[in-house]
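Working notes for the structure below.
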Amino acid sequence: MKEIDGVKVRDLVEEYGSPLYVVSESGIRKRMQSFQQTFQNYYSPVVIAYSYKTNYLGGICAITHQEGAWAEVVSGFEYEIARSLGVEGKHIIFNGPYKRDEELSVAISNNSLINTDSLEEIGRIAKIGKEKRERVPIGIRVNVQLGEIPWSRFGFNLESGEALDACNSASNTGTIEIQGLHIHLGTNINDIDLYYKATELILSLVQTLKDEMGIIIKYIDLGGGFACQDAPPLGVFPEDWVVPSIDEYAEAICSPLNKAVQSLKNKPTLILEPGRAIVSESVFLLTQIISKKNRADSISIVVDAGVNLLPSAYYLKHRIESIQDDGNNSKIPVDIYGPLCMQVDVVGVGVELPDPQIGDTLMIHSAGAYSISHSIQFAQPRPGVVLIHDGISEYIKLPESGNQIRNLERVPVHLKG
């Protein structure tokens, strides 16, 4: 792959330098459109809310909103980004275990959708509602015993009855109206059966709330976690990593919903919060080889992008290719290390590449999810991010400089020479 949306990778490196993040605008738009259209074919109404924590660059979020996405945020910081991009308060979903009182107050005033995570938070929301003299609509986050690592630290457990108790407590405050239920199973999930079972479990709670408490649920938020093909977990061979189609995800989630609607006598809105599935494969990290070592049993290279720019390399096996590959070169296994003075700075092990040479450019695929948002400044300033659209490129985030990084520092007078 020597081009990204018609722009030559070599030209990008010459103009912007290396390392460099490159974003495909058309890739994000296509994924958004595919999610919207596919799920709407199976169920309606459906809301797609882009997960900001996955990659909260304003230019990327703005693309998803142009395609009709709401904003799903987990902090006041992300909430402010959404508002700065013109997202209406009623189209912002506020999740997460830590919401300050002032942030909750703003979200309530803006009619944002708040999914609560704890009894303590329910109490604070009730207090704010009392002060504002209004009833506050909320959703209750639920966790269930599904998957290898159930996310039990978030929300209220369904099987133990904790979730039902939380609903009862919230209803008894007098200032809270329960309108929705929220669940998020995890990340990079390629087992559609988990979504089917989770939907059935949530629907059982919807029915219980209706029968026992007279609560009519208006929305069911099933979170995100949808997997991507280009970055299987470490320890899993790429050929064994099979990712369902969006159709398969949609059928698993929507088939129990459609069955339940008949008995519920109302049709709750289905909310989904994809992040990885929208941006992961639409962002690339370009990096150049800066040194090479020929060992008796392996070849290792050092590139100018490390795990500080690709933290997902700790747990995912990214597809990596050389733009010098013309398809006719034989390939050899290569171990790829970053430039950081850390033993753990490993970008890839046993990556099949044509005989690598110093100065060659490598393209790391699926760098859009939890790379930029989790990246850290370590030893070197972070590079810029370039967007490709309509055959042209432009910065959506400028590269950092040493002065910018140190601008927030203050050296006390008595320490200066």
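Any read-out appearing in this document is the output of simple, stated calculations on the displayed coordinates, not a laboratory observation. Just so it is clear, the model here is predicted, and its values are computed rather than measured. Ideal geometry is used to build each Cβ from the backbone, glycine not excepted, and the neighbour counts take in all protein chains shown.
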Phi angles of the stretch 16-31, converted by Karplus (6.51 cos²θ - 1.76 cosθ + 1.60, θ = phi - 60°) into ³J(HN,Hα) in whole Hz with x for Gly and Pro, give 10, x, 9, x, 7, 8, 10, 10, 8, 5, 5, x, 5, 4, 5, 5
Entries in K132/K197; K90/K267; K197/K265 that, when Cα-Cα distance is taken, lie over 30 Å: K132/K197
For the chain, find the longest principal axis of its Cα atoms and tell me its angle to the long axis of helix 162-171, 0 to 90°, nearest 10. 60
For K130, list the aspartates and glutamates whose Cα falls under 13 Å from its own Cα; do not include residues on the same chain fewer than 8 positions away. E177
So what does log10 I(q)/I(0) come out to for the stretch 121-258 at q = 0.12 Å⁻¹, using the Debye formula with one equal point on every Cα and no solvent? -0.55
At a Förster distance of 25 Å, what's the computed FRET efficiency of S44 paired with D191, Cβ-Cβ distance as r, to 0.05? 0.45
Positive dipole terminus of the chain, leading residue within Y370, S280, V7 (C-beta point charges): Y370
Exposure proxy ranking, count of Cβ atoms within 10 Å, fewest first, for I122, I358, I396: I358, I396, I122
Computed on Cα atoms only, the convex hull of the stretch 337-417 has an orientation-averaged projected area in nm² of 9.3
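At 20 °C and 1.002 mPa s, what whole-number value in µm²/s does Stokes-Einstein give for the translational diffusion of the chain, with Rh from the Kirkwood sum over Cα pairs? Could the numbers behind the result be given before it?
On the way: Rh = 23.2 Å.
Estimated via Stokes-Einstein, D reaches 92 µm²/s.
Using 0.36 nm times the number of residues separating D326 and S204, minus their current alpha carbon distance, what extension gain do you get?
Working: separation 122, 0.36 × 122 = 43.92 nm, distance 5.55 nm.
The D326-S204 span can extend by a further 38.4 nm.
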Any lysines with Cα under 28 Å of the K293 Cα? List them, leaving off those in the same chain fewer than 8 positions away. K2, K317, K331
The stretch 318-374: Rg to Rh, with Rh as the Kirkwood radius over Cα pairs: 0.99
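Can you show me the helix-derived [θ] at 222 nm for the chain, built from DSSP H runs with n ≥ 4 at -39,500 (n - 2.57) apiece and divided by the number of residues, rounded to the nearest 500. Present the calculation step by step, with values, prior to reporting the outcome.
Details: 11 runs with 122 residues, N = 417.
So the helix-based figure for the chain works out to -9000 deg cm²/dmol.
Length gain on complete extension for the stretch D240 to V261, per 0.36 nm per residue less the alpha carbon to alpha carbon distance? Present the calculation step by step, with values, prior to reporting the outcome.
Numbers: separation 21, 0.36 × 21 = 7.56 nm, distance 3.67 nm.
Roughly 3.9 nm would be gained on extension.
At a Förster distance of 45 Å, what's the computed FRET efficiency of S109 paired with I392, Cβ-Cβ distance as r, to 0.05? Before the final figure, lay out each step's value.
On the way: r = 40 Å, r/R0 = 0.89.
For S109 and I392, the calculated efficiency is 0.65.
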Determine the distance separating the Cα centre of the stretch 81-118 from the Cα centre of the stretch 242-258; give it in Å without decimals. 29
The answer for the net charge of residues other than E239 whose Cβ lies under 15 angstrom from its Cβ, with Lys and Arg +1 and Asp and Glu -1, is -1
Out of all Cα-Cα pairs in the stretch 16-146, roughly what percent, to the nearest whole number, are more than 17 Å apart? 63
Specify which residue in the list G235, V351, L201 is farthest towards the positive end of the charge dipole of the chain, using unit charges on the beta carbon of Lys, Arg (+1) and Asp, Glu (-1), about the Cα centre. L201
Starting from the amide H of E177, placed 1.01 Å from N in the peptide plane, find each other amide H under 5 Å away whose residue is 5 or more places distant or on another chain. V136, I138
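From the P(r) of the stretch 183-257, could you give the percentage of C-alpha pairs in the tail past 20 Å?
Counting every Cα pair in the stretch 183-257, those more than 20 Å apart make up 40 percent.
FRET efficiency for K90 and R295, Cβ-Cβ distance as r, R0 = 45 Å, nearest 0.05? Can you show the working numbers first?
Details: r = 59 Å, r/R0 = 1.32.
In this case the efficiency is close to 0.15.
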